[in-house]
Every structure is written in C-alpha cells, then in structure tokens.
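A quick write-up on the structure given underneath.
The values are calculated or read from the model by the stated rules, or taken from the named source; none is laboratory data. Just so it is clear, the model here is predicted, and its values are computed rather than measured. Because the Cβ atoms are built from the backbone with ideal geometry, glycine has one as well, and the counts that use them run over all protein chains shown. For the accessible areas, the whole protein counts, side chains as well, though only heavy atoms, and no ligand, DNA or RNA atoms are used. Shrake-Rupley method; radii C 1.70, N 1.55, O 1.52, S 1.80 Å.
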Amino acid sequence: MISDRMAQVLRLLRPGQGSGDGAALAAAGAAALGVDGLAVSLAISGDLTELWWCSTPSSRRFEDLQLTVGEGPGRDAARTGAMVWAPDLDLVRPGRWPALSAEFPALGVRAVFCFPLGVGAARVGVLTAVRDTAGPLSPQQADDGLVLADALTAHFLGGGEPPGQDLDPAQAQQCLQHAVVYQATGMVSVQLAVTLPQALLRLRAHAYSSGRSITDICHDVVARRLRLNPNGNGNNPFPPPSTRTDSP
C-alpha cells in the first residue's frame with residue numbers, strides 16, 4: 001500500500017495535473033521517499049542515460065560524476081534492469097566502483113538507491129534517490145519507490161512526455177544536463193579521428209585528471225575554449241578567430 005504522500009506524487013503524473021513540472025515532481029517525490037535528492041535519467045543506449053531532471057545539486061553532482069567516471073549504481077541499474085541499493089557508501093567494496101568510490105568522501109552523499117525504469121527487455125531509464133545520511137529505506141519508502149518507478153515507466157512507455165516538457169528554454173537547457181557531452185564527443189571524435197567511444201573516454205580522462213566535471217569540460221569544448229590534443233591533454237586550444245589566417 002502506498003503512502004498518502006506518494007499518492008499525491010502520482011497525481012502529478014496525470015495529464016493536466018502538473019506532469020510537465022519536473023521540479024515539483026522531483027521535490028514531492030524526494031519528500032515522499034525521505035531522501036535528500038531525486039533524479040530521473042532516460043536511457044539512450046546500453047547503460048548510457050540522459051539526465052532529465054533532478055531535485056538538488058547533490059543529485060546532479062552524483063549523476064554527473066557517474067557519467068564522468070563511467071561507472072556507478074545508476075549505470076549498473078540501467079544495464080541490468082535490476083535495483084541497485086547502497087544504503088551506506090562507506091561500506092561499498094572499493095573494487096565495485098573503484099573510480100567512483102575514490103570520490104565518495106567529497107561527494108556529500110552517503111546512501112543511494114537506484115530503481116530501474118522498464119518492463120522486461122524494454123529499458124526506459126533509472127530513478128535515483130540519494131541521501132546525505134547512511135541507512136536503508138523503510139519498508140514503506142521502498143514500496144513507494146517501486147510504485148513511483150512503475151508509474152514513471154508506464155508514463156513514458158504510454159507515450160507521455162518526460163516531466164519537464166513545459167519548462168521555459170533556460171530551464172530546459174538545465175534539464176538536459178548531458179546533451180552537451182554527446183555534442184562534445186562528436187567534436188572530439190572528428191578532431192582526433194577516433195571512434196565515438198574513444199572520444200568519450202578521452203573526455204572522461206581529461207575531466208578526471210583535471211578535477212572538473214565532464215559537463216564543464218564538454219561545455220568548454222563546444223564553446224571552443226578547449227581542444228584536446230592526441231595525447232588527451234587540453235593544452236591545444238582553438239586559436240581566437242581574430243588570429244586565424246587563411247592560406248593565400
């Protein structure tokens with residue numbers, strides 16, 4: 001049986017009841033589950049997902065870090081279609097997500113719960129809940145999380161637009177957090193004459209070694225403030241337009 005709070009969240013998914021307001025849905029969902037952040041990522045290919053909306057900076061940082069290092073509970077849930085819960089990240093075996101585990105102390109997240117969105121082989125995305133304190137979800141919160149994941153799956157597979165469709169252009173750009181990553185990957189692929197997976201690895205490596213998020217790095221690539229050289233370093237920027245010369 002779902003809680004009264006979750007029943008209110010599900011009403012927001014009904015047409016005409018606020019289904020386009022991703023911010024309201026994220027905030028209400030996080031409150032119902034008793035977590036500090038909630039995010040929905042939609043599946044693109046394999047375990048690659050696109051962050052559609054998130055409720056807090058902590059949930060955004062967690063999603064961005066998973067994309068940067070290429071591993072994490074959300075990636076596992078997207079790939080396997082199974083729930084991945086880590087109620088205490090301090091107790092996670094370091095070898096499970098080695099690159100991600102190294103960032104746990106500075107991340108400010110102590111627990112994460114990933115619910116896959118999908119039916120059978122049809123993978124839709126992942127619902128990720130993060131919390132600043134360690135500890136499992138209560139039985140009621142776990143049931144509510146499963147119900148919300150099922151409702152989101154039905155919404156998307158039924159042809160419903162992802163929550164956030166009514167955002168203004170500035171907000172929509174913030175919702176599509178990782179679209180710039182795929183744009184930058186294509187640019188680097190052409191510039192270095194490598195495959196798209198290799199280009200993404202180059203971007204991830206540069207982001208990780210520079211201590212910046214992959215989203216920030218990709219914004220610089222797309223804005224032509226940064227260009228990776230064949231060694232993967234970012235010390236070969238585009239020359240300013242005023243300094244470029246055409247061959248006679």
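Report the residue count in segment 35-55 for those that are farther than 19 Å from residue 150 by Cβ, touching a residue at least 40 places away in the same chain (Cβ under 8 Å) and not hydrophobic (A, V, I, L, M, F, W, C).
Counting residues in segment 35-55 that are farther than 19 Å from residue 150 by Cβ, touching a residue at least 40 places away in the same chain (Cβ under 8 Å) and not hydrophobic (A, V, I, L, M, F, W, C) gives 3.
So that you can scan it fast, the table gives a plain yes or no per residue for (1) in contact with a strand residue (DSSP E or B) (Cβ under 7 Å, 6 or more places away or on another chain); (2) at pLDDT below 85:
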| site | (1), (2) |
| --- | --- |
| 40 | yes, no |
| 45 | no, yes |
| 58 | yes, no |
| 63 | yes, no |
| 66 | no, no |
| 78 | yes, no |
| 95 | no, no |
| 103 | no, no |
| 113 | yes, no |
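For segment 84-117, which residues satisfy the criterion of being assigned to a loop (DSSP other than H, G, I, E, B) and in contact (Cβ under 8 Å) with a residue 40 or more places away in the chain?
Those that are assigned to a loop (DSSP other than H, G, I, E, B) and in contact (Cβ under 8 Å) with a residue 40 or more places away in the chain: 87, 88, 108, 109.
Check whether at least one residue in segment 36-46 is in a loop (DSSP other than H, G, I, E, B), in contact with an Asp or Glu (Cβ under 9 Å, 6 or more places away or on another chain) and farther than 22 Å from residue 212 by Cα, and report yes or no.
Checked segment 36-46: at least one residue is in a loop (DSSP other than H, G, I, E, B), in contact with an Asp or Glu (Cβ under 9 Å, 6 or more places away or on another chain) and farther than 22 Å from residue 212 by Cα.
Can you name every residue in segment 132-153 that is surrounded by fewer than 24 Cβ atoms within 10 Å (Cβ to Cβ) and closer than 19 Å to residue 63 by Cα?
Once the filter is applied, which keeps residues that are surrounded by fewer than 24 Cβ atoms within 10 Å (Cβ to Cβ) and closer than 19 Å to residue 63 by Cα, segment 132-153 yields 132, 133, 134, 149.
Quick check: anything in segment 24-34 modelled with pLDDT of 90 or more, in contact with a strand residue (DSSP E or B) (Cβ under 9 Å, 6 or more places away or on another chain) and not small (Gly, Ala, Ser)?
Within segment 24-34 (the criterion being modelled with pLDDT of 90 or more, in contact with a strand residue (DSSP E or B) (Cβ under 9 Å, 6 or more places away or on another chain) and not small (Gly, Ala, Ser)), the answer is yes, since at least one residue qualifies.
Suppose we filter segment 48-88 for residues that are of a type outside the set (Lys, Arg), open to solvent by 40 Å² or more (accessible area, probe 1.4 Å) and within 11 Å of the chain's Cα centre (by Cα); how many remain?
2
Kindly provide the set of residues from segment 154-204 that are outside any helix (DSSP H, G or I), modelled with pLDDT of 70 or more and open to solvent by 50 Å² or more (accessible area, probe 1.4 Å), ordered by number.
158, 193, 195 - these are the residues of segment 154-204 that are outside any helix (DSSP H, G or I), modelled with pLDDT of 70 or more and open to solvent by 50 Å² or more (accessible area, probe 1.4 Å).
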